[in-house]
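Asker: Here it is, the structure in full.
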Amino acid sequence: MRLDSLQPAEGSHRKHVRVGRGIGSGLGKTCGRGIKGAGARKSAHKRPGFEGGQMPMKIRLPKFGFWSKKATETASVTLNDLNRVEGDVIDLEALQKARLVTKKIKYVKVVLSRIPDFNKKVTVKGLGVTAAAKAAIEAAGGSVEIADYITAAAERLGASKKRTAAKAKARIDKVLKEGIKKPAKKARTEKPAK
């Protein structure tokens, strides 16, 4: 191989298109930009979704719902699936070992199966459990330890309700003590004689 024999791979370098070189080339005069307007200018950079000034589609369409960030980290496991878990203690690590949930999952909820077939004595730790699933686990002789994040959420909700009730009570007490005060009427000023 010699240095003068080196050349780029076929198709890696496209031939430069020469515009504005006569009407016979097909790209003369307007150089493929059409006639007048924003697209014919030097800096015709329109943002994605721009529709020429009219109301764009993203604003015309109705908005509803939201994207939950927690949804990608949350999974549900049926009660019958717990039969596949080895050991007496079922937590997030045990579910990951049994390949019932992936490693990116942080929150798991155990739900009742349509046709329950669970009679294993287990202890469920650090997981969310529905009321029906909890009753089925306890009926089989097992126990459920409520997850810390569920307890913390319940405490936050209780504290929020207490604050709301205290504010409402304070408003009512203030009205009962001071009475309902109507704003004072403005004094009518006589119009100057013409």
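The values are calculated or read from the model by the stated rules, or taken from the named source; none is laboratory data. This one's a predicted model, so the numbers in the text were calculated from it and none came from an experiment. Neighbour counts run over all protein chains shown; Cβ positions are idealised from the backbone, glycine included. The protein model used for the area step is the full one, side chains on, heavy atoms only, and it has no ligands, DNA or RNA in it. Shrake-Rupley method; radii C 1.70, N 1.55, O 1.52, S 1.80 Å.
Asker: If Gly87 satisfies every condition in (1) of a type outside the set (A, V, I, L, M); (2) within 25 Å of the chain's Cα centre (by Cα); (3) surrounded by 10 or more Cβ atoms within 10 Å (Cβ to Cβ); (4) under 30 Å from Gly128 (Cβ atoms) but one, which is the exception?
Answerer: (2)
Asker: Return yes when Asp148 is under 26 Å from the mean Cα position of the chain (by Cα), open to solvent by 60 Å² or more (accessible area, probe 1.4 Å) and free of Cβ contacts under 8 Å to residues at least 24 places away in the same chain and no when it is not.
Answerer: Answer is yes for this residue.
Asker: Failed condition for Asp173, given (1) farther than 24 Å from Thr72 by Cβ; (2) open to solvent by 100 Å² or more (accessible area, probe 1.4 Å), with all others met?
Answerer: (2)
Asker: So if I check each of Gly87, Gly39, which one is at pLDDT below 90, outside any loop (DSSP other than H, G, I, E, B) and not hydroxyl-bearing (Ser, Thr, Tyr)?
Answerer: Residue meeting the stated conditions: Gly39.
Asker: Inside the range 92-120, can you point out the residues that are closer than 14 Å to Ile137 by Cα, at pLDDT 90 or above and open to solvent by 50 Å² or more (accessible area, probe 1.4 Å)? Step through it out loud before you land on a result.
Answerer: Step one: filter the range 92-120 for residues closer than 14 Å to Ile137 by Cα, giving 109-113, 116-120.
After this cut, where a residue has to be at pLDDT 90 or above as well, the list is 109-112.
Listed by number, the residues that qualify are Lys109, Leu112.
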